[in-house]
1. Return yes or no: is residue 174 surrounded by fewer than 19 Cβ atoms within 10 Å (Cβ to Cβ) and either of a type in the set (S, T, N, Q) or under 25 Å from the mean Cα position of the chain (by Cα) (or both)?
2. Could you please let me know if residue 227 is among the acidic types (Asp, Glu) and either modelled with pLDDT under 90 or surrounded by 20 or more Cβ atoms within 10 Å (Cβ to Cβ) (or both)?
3. Please determine whether any residue of the range 215-222 is open to solvent by less than 50 Å² (accessible area, probe 1.4 Å) and either over 27 Å from the mean Cα position of the chain (by Cα) or modelled with pLDDT of 95 or more (or both).
4. With the range 6-115 as the region, which helices (runs of 4 or more DSSP H) entirely inside it contain at least 1 residues that are of a type in the set (Lys, Arg), surrounded by 14 or more Cβ atoms within 10 Å (Cβ to Cβ) and at pLDDT 90 or above?
5. Write out, first by first residue and then by second, each pair whose Cβ atoms fall under 7 Å of each other, whose residues are 6+ apart or on separate chains, and whose first residue, in the range 49-72, is farther than 16 Å from residue 281 by Cα while the second is of a type in the set (Asp, Glu) and part of a helix (DSSP H, G or I).
Amino acid sequence: LHRDLAERAIARVAEPLGLDVREAALGIVRVADTEMVRALRVISVERGLDPRDFALVAFGGAGGLHACALAEELGCRTVLVPRAAGVLSALGLAISDVRHDHVRPFLEPQAAESASTAAPSATAAPRLTAPERLEEAFRALAATALAALPGASLSRHADLRYAGQSFELTVAGETAAELEDAFHAAHERRYGHRIADEPVQIVNVRVVATRSGASPDLLEPVARRDEDGAAPGHRRVVLAGGAAEAAVHDRSRMAPGSPVVGPAVVELPEATCLVRPGWSGAVDAVGTLVLEREA
């Protein structure tokens with residue numbers, strides 16, 4: 001980053017607003033933080049999850065620059081910055097399992113009576129009809145899946161709904177009975193109730209084919225740090241509360257147990273992490289920088 005060019009770019013925003021470059025830059029950061037907090041609330045608070053019960057994982061080239069501020073806003077007390085934070089998505093793509101999802105429509109009406117020879121009770125759910133047809137559909141889909149991804153592990157899933165519903169839930173199971181039991185349980189978890197005597201329909205059958213990806217050694221090298229590189233440098237950084245003197249750590253010189261106390265800047269090969277005042281931590285055994293907020 002060329003500071004003079006960056007300041008020139010920010011000046012085009014600052015001048016029409018009557019702000020100096022520093023005020024405009026801090027305003028940009030605040031807007032970015034606000035938008036990210038809004039997105040994080042959508043996947044936590046709006047789903048009934050309390051962010052204070054979770055750690056915040058920072059990835060992407062600038063994820064670490066915002067992580068502590070976002071955690072403070074959400075009430076998270078722990079921030080995790082992986083060693084490969086700047087290229088974490090690419091790493092995940094490189095080592096993830098290969099997965100093919102195969103789906104086929106299968107609208108099976110629910111029989112009025114149980115397929116079982118025994119008479120169903122008043123509260124028991126009648127079983128799906130034609131288990132042979134379901135098994136045939138799964139076998140055909142499995143053959144297609146193995147042809148596309150030889151040697152893959154297969155698992156069976158299906159989209160089910162109560163008769164008359166306009167939406168389905170996807171559950172796993174090997175047989176019609178397992179799928180139906182899983183659907184009732186999933187419906188109760190999601191919506192708080194089940195309708196044991198309501199007919200159930202299978203809308204789609206699915207076969208997921210998976211082949212394991214690479215399994216790299218993610219342990220942090222112990223003999224990484226040397227005497228010269230271990231000592232942090234220092235520079236002034238601008239925070240919302242004003243300028244502060246911050247330690248500057250070269251992540252490539254840090255080993256397991258290397259401490260960080262904010263305010264500090266940790267320079268990773270593909271990213272930068274800003275450790276705000278009130279935060280501190282250390283590198284763990286797999287190379288993740290674990291930051292904790294003071295009480």
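The values are calculated or read from the model by the stated rules, or taken from the named source; none is laboratory data. None of these values were measured; they are calculated from a predicted model. We place every Cβ from the backbone using ideal geometry, glycine too, and count neighbours over all the protein chains shown. Accessible surface is based on the protein model in full, side chains and every heavy atom, while ligands, DNA and RNA are left aside. Shrake-Rupley method; radii C 1.70, N 1.55, O 1.52, S 1.80 Å.
1. In short, no.
2. Numbers: among the acidic types (Asp, Glu): yes; either modelled with pLDDT under 90 or surrounded by 20 or more Cβ atoms within 10 Å (Cβ to Cβ) (or both): yes.
Yes, satisfied.
3. Going residue by residue through the range 215-222, those that are open to solvent by less than 50 Å² (accessible area, probe 1.4 Å) are 220.
Filter once more, keeping what is either over 27 Å from the mean Cα position of the chain (by Cα) or modelled with pLDDT of 95 or more (or both): none.
No, the conditions are met nowhere in the range 215-222.
4. Per the criteria, 21-42.
5. Note: pairs meeting the criteria are 66/33; 70/33.
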